[in-house]
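Dropping a structure here in structure tokens format, bear with me for questions.
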Amino acid sequence: MNEGNGIVEKATSFARPAGHLRIVSWNCAGALQRKWSYLLALQPDIAVIPEACNPQRLGYPSTVPDEPGQSAWIGRLQHKGLATFSFGDWKLT
């Protein structure tokens, strides 16, 4: 990933054929709101993120326009749990 002016560019090496699903699992070790652009650079269809805060508390960064279509979260502490996000036409059920 190239980082220029604090914005992470989407990596072109992650291209995939149409109809293929990309699942990303990444332990963000907290502070997902500061790392959101790194996750988006991976271009996931589904993202499973351990140690993430409750998405209701996340407040998607205004500098990152891509919000997930859906999210699900489970955890005992509001600042650390397991979050799952879907992007594009993919849905969580």
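Pairs under 8 Å by beta carbon, first residue farther than 17 Å from Gln70 by Cα and assigned to a helix (DSSP H, G or I) in region 26-45, partner open to solvent by less than 20 Å² (accessible area, probe 1.4 Å) and modelled with pLDDT of 90 or more, six or more apart or different chains?
Lys35/Cys28
Continuing with the same structure: Taking the residues in region 1-35 that are modelled with pLDDT of 85 or more and within 10 Å of the chain's Cα centre (by Cα) as candidates, determine which candidate is most open to solvent (accessible area, probe 1.4 Å).
Selected residue: Ser25.
Now for a separate question. Have a look at Pro50, Pro44 and point out the one that is at pLDDT 85 or above, touching a Lys or Arg at 6+ places or on another chain (Cβ under 7 Å) and closer than 19 Å to Leu82 by Cβ.
On the way: Pro50 fails: touching a Lys or Arg at 6+ places or on another chain (Cβ under 7 Å).
Going through Pro50, Pro44 in turn, the sole match is Pro44.
The values are calculated or read from the model by the stated rules, or taken from the named source; none is laboratory data. Here the structure is a predicted model, which is why all the values come from computation and not from measurement. Cβ coordinates were reconstructed from backbone atoms using ideal geometry, including for glycine residues, and neighbour counts include every protein chain displayed. Accessible surface areas use protein heavy atoms only, side chains included; no ligands, DNA or RNA. Shrake-Rupley method; radii C 1.70, N 1.55, O 1.52, S 1.80 Å.
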